[in-house]
Each structure stands twice: as structure tokens, then as C-alpha cells.
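The values are calculated or read from the model by the stated rules, or taken from the named source; none is laboratory data. From a predicted model like this one, the values you see are computed outputs, not experimental measurements. Please note: Cβ atoms are built from the backbone with ideal geometry, for glycine as well, and neighbour counts cover all protein chains shown.
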Amino acid sequence: MRLLPETTATAQDAAKALGVPVSHIGKSIVFSSVNGTIVAIACGDQRIDTAALARAADVSEVKSMRPRDVKQSTGYVIGGVSPFGLPLGVKIVLDSRLRSFDECYVAAGHPRAVVQTTPDELVSITGAVVAPVAETQPQDQ
């Protein structure tokens, strides 16, 4: 884990602080469903396709979570949601595009903390489902 002097609360902030492309940042976006909380992890330059995420999580629909609900559901504040140490029952879905990189960085529980890992380690440690859940076009920088 690295605690940086600058914020890493957004994928762009983390990429700048680490000197890496924003695509190498595994950003965590938290959603709710009728079956509970879902954390989607995607490349920092991608947006989540909510219909694809719902299919991957085997639920009918997902909705973005409000900041106060993110903290209550994950134990982390927005900007620091780590895929590690989540409460039991939180489902993790990793966008398959992230697996095209040898290494990536993910939040480590604080808006200035990151962990360098590999996509395969993420899947192994978290039990994440791997599926194409990012929109096909990258978001504007």
C-alpha cells in the first residue's frame, strides 16, 4: 500500500499522482441492487454500462449509490473504496478490459492510498466475477 501526499480520490487524480495512464487505475464504482451491494471495478478511463453490470451480477437492475450509502455498505468513503476488505455479501465485478494490463492500481481504503496489484490477483483475492461491463467508448478526459 502507498499513502500519497496528493489525493487519489478520482482515477485522474490517482493517475497523475502515480505518473501512469488513467486506464491503469482500477476505479471502484458502487451500485445497489435488490440482492445487495455491487462494486464494479473498471479502467479509470471507462464508464460502467449498468445493463451489462446487472447481467454480470445476475440481477434485474443496478442503481448508483448515494455517498452516505456507499460508506454504510462498504465501510469506505467515495474516493477510497477498496476491493479488499469489503463486508460479506458485497459482490465484485471486474471489467474484463482491466485484465489487458500486467499491473493496475486500486484504492486502498483512503482517498490518498493505493495498492499496486495485478488484475489476476484482484480476481483471486476478491472472488470477483470478470465480465465486459464498461461502455464501449472511453469517457472524455
Quick one: in segment 1-53, which of the residues that are charged (D, E, K, R) and either crowded, with 21+ Cβ neighbours inside 10 Å or touching a residue at least 60 places away in the same chain (Cβ under 8 Å) (or both) is nearest to VAL70 (Cα to Cα)? LYS27
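Based on this model, can you work out whether VAL115 counts as under 22 Å from THR7 (Cα atoms), surrounded by 20 or more Cβ atoms within 10 Å (Cβ to Cβ) and either modelled with pLDDT of 95 or more or over 14 Å from the mean Cα position of the chain (by Cα) (or both)?
Numbers: under 22 Å from THR7 (Cα atoms): yes; surrounded by 20 or more Cβ atoms within 10 Å (Cβ to Cβ): no; either modelled with pLDDT of 95 or more or over 14 Å from the mean Cα position of the chain (by Cα) (or both): yes.
No.
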Could you please find all residues in segment 1-35 being among the β-branched types (Val, Ile, Thr) and assigned to a strand (DSSP E or B)? ILE25, ILE29, VAL30
Determine which single condition ARG66 fails, assuming it passes every other condition in (1) over 14 Å from the mean Cα position of the chain (by Cα); (2) more than 22 Å from THR8 (Cβ to Cβ); (3) not hydrophobic (A, V, I, L, M, F, W, C). (2)
Return a yes/no flag: does segment 125-139 have any residue that is at pLDDT 95 or above, over 12 Å from the mean Cα position of the chain (by Cα), crowded, with 19+ Cβ neighbours inside 10 Å and among the small types (Gly, Ala, Ser). no
Please work out if ILE48 is among the aliphatic types (A, V, I, L, M), out of contact with any helix residue (DSSP H, G or I) (no Cβ under 9 Å at 6 or more places or on another chain) and closer than 21 Å to ALA9 by Cα. yes
Single unsatisfied condition, GLY79 versus (1) crowded, with 22+ Cβ neighbours inside 10 Å; (2) modelled with pLDDT under 95: (1)
